[in-house]
Amino acid sequence: MFLYPPARFDANEWFIILNSLLGFAWVFFAPVRYPHSISILIVMFCVSAAIMMDHAIAIPPVDMYDINDRPTYEWMDFFSYFLYAPYALLCVYLYDKLDPKGLWFTAWIIGWSLFCVGYEWLSVQCHVFTFKKWNLMHSFCMYLVMTTIHVQLFRYLRKHFQDRSESVFPSKTAE
Amino acid sequence: MVLSIFFSLTMIVGITYAVTKKNLHIFEILFLWMIILIIHHNFVTITTVNLHLFRFADRLPFYWTIVFERVVLIPLLIVYYFDRMVVRRPYQKWVWLPFGILLLTGLEYLTVNLDLFSYERWKFWWSPIEWLVLFLLVHYSWLWFRSRLRKEMA
């Protein structure tokens, strides 16, 4: 089958749907602080990093964990990649507002990595993830790396946008 | 050995791209890279895990080589292609498209010949169609992002 439906529509599917809806709800009410193209790239970074990881280590021959009901690719798996996106946006939104520096930056990265581990623990309880050779300590290491790259990417994009006079505008003729 | 081949290829393409003048905005390069990752990874997983059209090599070094190719080399080649094509006239882009597809099909042929993965029910002539669909999806997503970026940067 091209994409499998859920074996049973239960806790994991509801977890993905409700969290995605509730997670993205704040995005529509929060005042705009930076251009939408930055938000698009932040969401895409989050989704592509999750896809890159899951499609590398969650399928045979590595197969460290399963996502949702089956070891195969379900259409609900695709929606699960958007689970973390609203929190990735919240992380950079608050970073932009609070601008933690020095040791506060380290605390920021550790804090958000712990939040992500907690969120993943919750998703494991709801059977979104079923660990085989993976555990939450591995996740914490990954979140430390990914959160750092993600925040640094945001800083880079924001700075690049502010210094837009130096950047090359996409020209109309190019299409 | 195979990892060395693909790593060398990636380095050569990467250095070449790094030293040439970029025609795309850095935001566009990032967007293209990520959209290629998202579309291509989904395609590969669906065709291997769900449809059993391909089969990955069981040996882990081979498997990690194919992961490396998917994450770095293929997006790099496609971004490079878009970067070169963006300054050309629209009809020239379509004229050059078969060469882009041929290059990626050739790369796929190399990975099959080096036993990184094997065809199960996949036919070789489906590969150019696969890359054409990927190019079209990436192209139209990029146009959407580009128009959005132009509005915000104006």
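The values are calculated or read from the model by the stated rules, or taken from the named source; none is laboratory data. Not measured: the values here are computed from a predicted model. A quick note on method: Cβ atoms are made from the backbone with ideal geometry, for glycine too, and the neighbour counts reach across all protein chains shown. When the accessible area is computed, the model is the full protein with side chains, heavy atoms only, and any ligands, DNA or RNA have been set aside. Shrake-Rupley method; radii C 1.70, N 1.55, O 1.52, S 1.80 Å.
The set of residues in the range A:89-142 that are touching a Cys at 6+ places or on another chain (Cβ under 9 Å) and more than 23 Å from residue A:41 (Cβ to Cβ) comprises A:139, A:140.
The requirement of being more than 10 Å from chain A (Cβ to nearest Cβ), over 26 Å from residue B:14 (Cα atoms) and either without any contact (Cβ under 8 Å) to a residue 60 or more places away in the chain or open to solvent by less than 40 Å² (accessible area, probe 1.4 Å) (or both) is not satisfied by residue B:73. The criterion of being at pLDDT 95 or above and either open to solvent by 50 Å² or more (accessible area, probe 1.4 Å) or farther than 30 Å from residue B:64 by Cβ (or both) does not hold for residue B:97. Tell me, yes or no, whether the range B:59-68 has at least one residue that is modelled with pLDDT of 90 or more, of a type in the set (Ser, Thr, Tyr) and open to solvent by 10 Å² or more (accessible area, probe 1.4 Å). So far as the range B:59-68 goes, no, none of its residues is modelled with pLDDT of 90 or more, of a type in the set (Ser, Thr, Tyr) and open to solvent by 10 Å² or more (accessible area, probe 1.4 Å).
Can you work out which of the residues in the range A:123-175 that are assigned to a loop (DSSP other than H, G, I, E, B) and modelled with pLDDT of 90 or more is nearest to residue A:107 (Cα to Cα)?
Selected residue: A:135.
Evaluating residue B:12 against the criteria (1) under 13 Å from the mean Cα position of the chain (by Cα); (2) more than 9 Å from chain A (Cβ to nearest Cβ); (3) modelled with pLDDT of 95 or more leaves one unmet condition, (1).
Return the total of residues in the range B:15-34 being part of a helix (DSSP H, G or I), crowded, with 20+ Cβ neighbours inside 10 Å and more than 7 Å from every other protein chain (Cβ to nearest Cβ).
So the count comes out to 1.
For the range B:108-136, residues that are buried (at least 16 other Cβ atoms within 10 Å of the Cβ) and within 14 Å of another protein chain (Cβ to nearest Cβ) total 2. Taking each residue of the range A:144-160 that is open to solvent by 40 Å² or more (accessible area, probe 1.4 Å) and looking for partners that are of a type outside the set (A, V, I, L, M, F, W, C) with beta-carbon atoms closer than 8 Å, six or more apart or interchain, yields A:144/A:113; A:158/A:34; A:158/A:96; A:160/A:167.
When the residues of the range B:74-128 are filtered to those that are basic (Lys, Arg) and part of a helix (DSSP H, G or I), the one that is nearest to residue B:24 (Cα to Cα) is B:84. Whether a residue is in contact with a strand residue (DSSP E or B) (Cβ under 8 Å, 6 or more places away or on another chain), within 25 Å of residue B:35 (Cβ to Cβ) and crowded, with 19+ Cβ neighbours inside 10 Å was assessed, and residue A:19 does not pass this test. Scanning the range A:28-54 for residues that are surrounded by 12 or more Cβ atoms within 10 Å (Cβ to Cβ) and either touching a Pro at 6+ places or on another chain (Cβ under 6 Å) or more than 24 Å from residue A:159 (Cα to Cα) (or both) yields A:50, A:51, A:52, A:53, A:54.
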